[in-house]
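Student: My questions will all concern the structure given below.
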C-alpha cells in the first residue's frame, strides 16, 4: 500500500506528465492539404420497383453513400425488384437492404448491379419479397 509520503513524492511527476506543452508555432506554419483522387462518390443510386421484372411503381433513389435511408411509403415493405446503379454512372458498388426502418433487423447485403429483378423467386425462394423498409448503398 502506498504511504502518504510516496504519494507526495509522485505528485510532481504526475503534474509534469499532465501539463500540456504550449504550441509555439504560428498559423503561417499551417498548410492546406491538397485533396486529390477522392474515391468516395458524391451520391449513389438504387432502382426499386414494387413488381417483379422492373414493373409497377418504380423509383430511382439517389443519396450520399453510406447513409441509412428509410424507404418512402410507396416502396416500404413492397419492393419486388431492386438494383444499384452501374458503378460508372453514380458510382454505387452495392447496397444492403434492411427489414426494419433505421437500417435495423434482418438484412440482405452486397446487392450489386444489375440487381435482383424478381425477389419473389430468389434469393431464398422469395423470402425477401415485399420485405425491406430501409437501405444503405456504398
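Student: Would you list the strands (runs of 3 or more DSSP E) that sit entirely within the stretch 38-138 and hold 2 or more residues that are crowded, with 19+ Cβ neighbours inside 10 Å and over 13 Å from the mean Cα position of the chain (by Cα)?
Tutor: 44-51, 81-84, 104-111
Student: List the residue pairs whose Cβ atoms are under 6 Å apart, where the first residue sits in the stretch 98-120 and is more than 18 Å from residue 81 (Cβ to Cβ), the second is surrounded by fewer than 17 Cβ atoms within 10 Å (Cβ to Cβ), and the two are 6 or more positions apart or on different chains.
Tutor: Short answer, once both residue conditions are applied: 101/70; 103/68; 105/99; 106/99.
Every number here is computed from the coordinates shown, using simple stated rules; none is lab data. Please read all numbers here as calculations on a predicted model, not as lab measurements. Every residue, glycine among them, receives a Cβ derived from its backbone with ideal geometry; neighbour counts consider all protein chains shown.
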